[in-house]
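Just below is one structure, and these are the notes that go with it.
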Amino acid sequence: MDTRTKLTILADAAKYDASCASSGSRRERVSGGVGNTTGVGICHSYTPDGRCVSLLKLLLTNYCIYDCTYCINRISSDTPRARFTPEEVVSLTLEFYKRNYIEGLFLSSGVIQSPDYTMEQVIAVAKSLRTDHLFGGYIHLKIPPGASALLIAEAGKWADRLSANIEMPRQADLDRFAPAKTHIEIQQTMGEISQRIIAAKEEKTVYAAAGQSTQMIVGATEASDTDILQKSSALYQDFGMRRVYYSAFSPIPHSDSRLPPQAAPLVREHRLYQADWLLRYYGFDVAELTTAEQPDLPLDKDPKLAWALRNRHFFPVDVNTADREALLRIPGLGVRSVDRIVAMRSQHRFRMEDLTRLTRAFKRMRYFVITSDFNPDSLKLDAPRLPVPQQLSLFSAVTGEF
Amino acid sequence: MRQVAVENFQEWREKARALVAGSVPPDDVRFTDGLQDSLFADVPMPAAGSRGRISVPRAFLARAEIVSLHRDPKRWDLLYRALFRIVNDGLSNEPDELLAMEQAVGRDIHKMHAFVRFRKIVEDDGQPQYVAWYRPDHHIVKHVAPWFAERFGAMHWAILTPDLSAYWDTKTLRFGDGVPRSAAPQEDELEELWRSYYASIFNPARVNVRAMTREMPVRHWSTMPEATLIPTLVSNARAREQQMRERAPGSAEPFVPVGAELPVLAAAVRACKGCELYACATQPVFGEGPERARLMLVGEQPGDQEDLQGRPFVGPAGQLLDRALQEAGVDRSSVYVTNAVKHFKFEERGKRRIHKKPDGGEVAACRPWLTAEIERVDPQLIVALGATAALSLGGREFAIQKERGRMMPLPGGRQLLITVHPSFLLRVPEAAKAAEFARFVQDLRLAS
């Protein structure tokens with residue numbers, strides 16, 4: 001099989017991994033080598049699905065001993081199979097990099113023989129890039145759950161980022177769709193990675209400088225958004241995850257009467273990313289984002305606005321006196337705007353006009369704030385004409401680098 | 001009116017410093033792009049005034065340097081106006097127009113880092129050269145070149161643009177005149193691979209052309225080899241999505257009544273079209289045994305006899321199983337017996353129907369029936385007879401001979417025991433039959 005055919009099969013098989021991030025790591029170019037990592041990832045291209053192409057995203061092979069129902073590479077799938085040699089991946093990475101097509105490599109693999117055998121092959125690629133070719137670009141390696149501690153230790157020496165996929169939010173979901181996988185085992189692998197990262201920081205050595213991430217498939221089971229966000233929140237806390245990626249299970253239109261057919265799974269994915277952001281940067285708790293009656297995030301409005309409408313007593317917030325935590329709760333105000341308000345309001349009192357210059361979401365925001373020049377709109381918070389903002393572009397929050 | 005020509009930021013800075021020191025108001029001066037002062041070349045710059053040192057916020061200087069790369073000739077005047085306001089009125093908020101320029105240049109720099117595409121050529125001396133032709137929106141080549149020198153330090157490269165070109169020979173950065181596109185290499189055979197990658201990584205079920213063009217404006221497409229594919233990818237997306245949908249695996253799931261009793265399940269399976277096997281088989285064969293059994297045996301699929309009679313394990317392999325169970329001390333009437341796949345898959349050879357192994361897709365499609373049986377019967381131990389049952393129950397491929405005869409945990413606190421399928425015992429050479437049968441019985445004893 002020629003390289004091009006393999007590339008077609010093994011890139012196609014890799015496209016369901018949502019992450020394409022190449023940020024968060026700094027690596028100087030080694031003299032005589034090629035490539036550096038500057039800390040801010042670059043999107044070298046965009047595909048017609050609006051996604052960023054930053055890394056060469058490949059599977060070493062899509063043969064796999066597992067039969068996970070949600071995965072295109074499951075053993076029972078009739079998808080065409082291929083396998084790269086480590087040398088082929090090394091060469092493709094270097095040649096693409098030298099032409100400025102990519103920031104680096106994201107290498108994953110189906111599990112062949114055993115997790116350790118697979119991991120050794122994946123590590124061989126990264127090691128060869130770093131040592132034989134003095135490659136300084138970004139490397140993200142996927143760790144199969146159950147790989148031995150020794151191999152996890154080595155992978156982080158060469159890679160900027162490591163990830164083990166949690167796959168599904170609840171063990172019960174795995175039992176049903178991936179009976180050979182358990183959260184216990186996956187989380188052991190995550191724990192191993194996170195301990196290495198912490199140890200490396202203390203010893204001031206380099207180990208997976210861009211940290212670890214994971215991915216969860218959304219919409220394959222009845223697991224609610226509450227289940228999903230609780231799992232994410234635990235993963236952020238327990239393993240210092242940099243990111244949890246959400247991947248809508250079915251790329252195929254669903255029939256859901258609430259929405260145009262094509263949009264449903266993608267909108268849900270988008271809402272989860274927004275909620276994830278609120279958990280990490282806006283001081284929200286999972287329990288605030290959904291309710292017992294509505295365990296899923298609303299699809300027709302973003303989770304922050306939904307929270308505000310459930311908590312009208314909290315508003316209006318006075319932008320001149322409220323603390324940062326309260327400002328972060330105002331729909332339409334982002335972290336950057338809030339920080340600018342906090343910095344600037346010591347110099348002069350904020351008027352409505354100042355706010356309009358600060359955010360494009362002013363129309364939505366004005367119902368929730370008080371400024372020095374009084375805000376009559378705040379009285380209309382219960383008015384039926386409160387505008388619900390249009391859906392933002394689906395991928396603006398999903399694929400870009402923040 | 002004073003006309004002042006400036007070529008670059010340094011020059012603007014020096015001249016603007018003199019003008020501010022001489023308190024020349026912005027309305028009295030016009031900056032132009034150029035090498036020398038033209039019409040009013042003889043108008044002298046004011047002598048340094050009484051002001052002494054002129055200081056401005058560092059942030060303004062940094063911003064001004066970026067703005068100076070903008071292509072709009074008005075930028076110098078705008079910068080001077082802002083400078084004058086800072087120095088004379090102490091006003092530090094710069095006009096929106098200036099901020100917009102800074103943003104435009106910043107974006108252009110970022111896009112140049114991203115969108116330059118080198119083509120490799122090999123010179124007579126065997127030294128590979130990497131050459132790109134690119135059209136930036138603004139005068140950013142000098143600003144951006146060091147970034148490329150750092151990243152691609154060990155390569156000989158050139159970035160050619162209509163205004164100015166940058167050259168790197170692994171040691172020094174040089175700049176030369178702009179060149180037309182025709183002066184750059186026209187192809188690189190690696191681009192074929194890159195295009196293959198680009199087409200494969202794209203998910204046709206998620207087309208979002210607006211998001212793409214917002215980040216990758218069409219004016220840059222002509223220098224990006226992958227962009228030639230975009231129209232085809234977009235217009236074929238529907239068809240490819242349809243293909244994906246057709247290739248989506250079948251499943252029995254819609255046919256399985258949720259939480260139903262065994263007789264209801266057994267009746268419902270007759271309507272199953274979760275995969276194609278229903279079409280040729282006589283009938284589906286559901287499991288048999290007590291509603292609550294401690295032990296469940298799972299085979300592969302019904303055989304010829306089972307298909308005709310509609311009951312599991314009644315053919316030659318079933319008879320062998322009965323004998324083995326008896327010898328292992330297991331009472332068959334206490335055991336629930338079923339198969340991973342409920343329909344007989346076969347190939348017709350003359351009048352005979354030859355067993356054909358179900359493929360992974362069929363096993364996966366039929367799994368909801370097996371899952372429903374397990375939930376109902378709630379066995380403590382499940383014995384997988386052969387590789388197909390093991391795959392369906394364990395969710396991965398098993399090496400039967402290596403992994404047989406030991407207990408493995410299953411979800412829900414159940415145990416899984418793997419052994420061979422009795423039909424294997426029918427196929428082994430005569431000489432080995434007795435020994436293999438004994439091993440099979442030994443495995444089954446673990447289940448008793």
Next item on the list: With θ set to phi - 60°, apply the Karplus curve 6.51 cos²θ - 1.76 cosθ + 1.60 along the stretch A:354-361 and write out the HN-Hα couplings as whole Hz, x wherever there is a Gly or Pro.
Entry: 5, 5, 4, 6, 8, 9, 7, 8
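Output needed for the stretch A:108-148: three equivalent-ellipsoid semi-axes, defined as square roots of 5 times the C-alpha gyration tensor eigenvalues, in descending order, whole Å. Could the numbers behind the result be given before it?
Working: eigenvalues 90, 19, 10 Å².
So the equivalent ellipsoid measures 21, 10, 7 Å along its semi-axes.
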Item checked: Per-selection Rg to Rh, the stretch A:1-122 - Cα, Kirkwood hydrodynamic radius -> 0.98
Check: Quick one: with all protein chains in place, what share of the accessible area of the protein assembly as shown is carbon or sulfur, to the nearest percent (1.4 Å probe)?
Finding: 51 percent
Notebook entry, point to check: Between B:GLU97 and B:THR223, what length in nm is gained on full extension when 0.36 nm per residue of separation is reduced by their alpha carbon distance?
Noted result: 42.4 nm
Next item on the list: Determine the dipole magnitude for chain A: charges of +1 sit on the beta-carbon of Lys and Arg, -1 on that of Asp and Glu, nothing else is charged, the reference point is the Cα centre, and the result goes in debye to the nearest 20.
Entry: 1220 debye
Item checked: Restraint check, A:LYS15/A:LYS142; A:LYS57/A:LYS204; A:LYS157/A:LYS201, Cα-Cα greater than 21 Å -> A:LYS57/A:LYS204
Margin query: With angles folded into 0 to 90 degrees, how steeply does helix B:141-151 sit against the dominant principal axis of chain B? Use alpha carbons for both and round to 10.
Written below: 40 degrees
Next item on the list: Per residue of B:189-200, count partner chain C-beta atoms within 10 Å of its C-beta, then hand back the mean as an integer.
Entry: 6
Checklist line | Scattering profile of chain A at q = 0.07, 0.09, 0.13 Å⁻¹ [log10 I(q)/I(0), Debye over alpha-carbon scatterers] | finding: -0.37, -0.60, -1.13
Notebook entry, point to check: In the structure displayed, which of B:LYS15/B:LYS74; A:LYS127/B:LYS120; B:LYS142/B:LYS171 lie more than 20 Å apart, Cα to Cα?
Noted result: A:LYS127/B:LYS120
Notebook entry, point to check: Considering only DSSP beta bridges whose two residues both sit in the stretch B:308-448, what percent are antiparallel, to the nearest 5?
Noted result: 60 percent
Notebook entry, point to check: Taking θ as phi - 60°, what are the ³J(HN,Hα) couplings along the stretch B:263-278 by the Karplus curve (6.51, -1.76, 1.60), each to the nearest whole Hz, with x for Gly and Pro?
Noted result: x, 5, 4, 4, 6, 5, 5, 5, 9, 5, 10, x, 9, 7, 5, 4
Check: Taking only C-alpha pairs under 8 Å that are 6+ residues apart, what is the relative contact order of the stretch A:3-249 in percent?
Finding: 18 percent
Check: Per 5 Å bin from zero, what fraction in whole % of the C-alpha pairs of the stretch B:202-247 is there, up to the bin with the longest pair?
Finding: 5, 20, 28, 23, 13, 7, 4, 1
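Over the Cα atoms of the protein assembly as shown, Rg to Rh with Kirkwood Rh, two decimal places?
Ratio of gyration radius to Kirkwood radius for the protein assembly as shown: 1.06.
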Next item on the list: Sort largest first and round to whole Å: the equivalent ellipsoid semi-axes of the stretch B:302-448, each the square root of five times a Cα gyration tensor eigenvalue.
Entry: 22, 20, 15
Next item on the list: Pop the C-beta distance of A:MET344 and B:ASP27 into the FRET formula with R0 = 30 Å and round what comes out to the nearest 0.05.
Entry: 0.45
Note to self: Using a Debye calculation, one point per C-alpha and no hydration shell, please list log10 I(q)/I(0) for the stretch B:233-354 at q = 0.11, 0.13, 0.14, 0.21 Å⁻¹ in order.
What the structure shows: -0.49, -0.63, -0.71, -1.21
Next item on the list: Give a residue-ordered list of calculated ³J(HN,Hα) values for the stretch B:209-220 (Karplus: 6.51 cos²θ - 1.76 cosθ + 1.60, θ = phi - 60°; whole Hz; x for Gly, Pro).
Entry: 5, 5, 4, 5, 6, 5, 8, 10, x, 4, 5, 8
Check: Within straight cross-link reach of B:LYS356, meaning Cα distance under 18 Å, which lysines are found once same-chain residues fewer than 8 apart are removed?
Finding: B:LYS342, B:LYS345
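Which FRET efficiency value, to the nearest 0.05, is calculated for B:GLU189 and B:TRP147 with the Förster distance at 22 angstrom and r the Cβ-Cβ distance?
For R0 = 22 Å, the calculated efficiency reads 0.25.
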Notebook entry, point to check: Hey, what number do you get for the protein assembly as shown at 222 nm if only DSSP H runs of n ≥ 4 count, each worth -39500 (n - 2.57), divided across all residues, to the nearest 500?
Noted result: -11500 deg cm²/dmol
Checklist line | For the stretch B:116-183, the fraction of alpha-carbon pairs in successive 5 Å shells from zero, as % | finding: 4, 18, 31, 27, 16, 5, 1, 0
Check: So which aspartates and glutamates can A:LYS6 reach, going by Cα to Cα under 15 Å and dropping same-chain residues fewer than 8 places off?
Finding: A:GLU87, A:GLU88, B:GLU192
Notebook entry, point to check: Just the projected area, averaged over all directions, of the convex hull on the alpha carbon atoms of chain B: how many nm²?
Noted result: 37.8 nm²
Notebook entry, point to check: Which whole-number percentage describes the relative contact order of chain B, with Cα contacts under 8 Å and a sequence gap of 6 or more?
Noted result: 9 percent
Check: So if we plug the beta-carbon distance of B:VAL209 and A:ARG357 into 1/(1 + (r/R0)^6) with R0 = 30 Å, what FRET efficiency do we get, rounded to 0.05?
Finding: 0.40
Check: Scattering from the C-alpha atoms of the stretch A:81-186 alone, worked out with Debye: what is log10 I(q)/I(0) at q = 0.15, 0.17, 0.21 1/Å?
Finding: -0.66, -0.81, -1.09
Check: How big, in percent, is the set of alpha carbon pairs in the stretch A:312-380 lying more than 15 Å apart?
Finding: 43 percent
Notebook entry, point to check: Å³ per residue of the Cα convex hull, for the stretch A:1-47?
Noted result: 119 Å³
Checklist line | Within the protein assembly as shown: Cβ-based charge dipole about Cα centre, in debye rounded to nearest 20 (Lys, Arg +1; Asp, Glu -1) | finding: 660 debye
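The values are calculated or read from the model by the stated rules, or taken from the named source; none is laboratory data. All of these numbers come straight from a predicted model, not from anything done at the bench. Glycine also receives a Cβ, built like all others from the backbone with ideal geometry; neighbour counts cover every protein chain displayed. Side chains included, ligands, DNA and RNA excluded: accessible areas come from the protein's heavy atoms. Shrake-Rupley method; radii C 1.70, N 1.55, O 1.52, S 1.80 Å.
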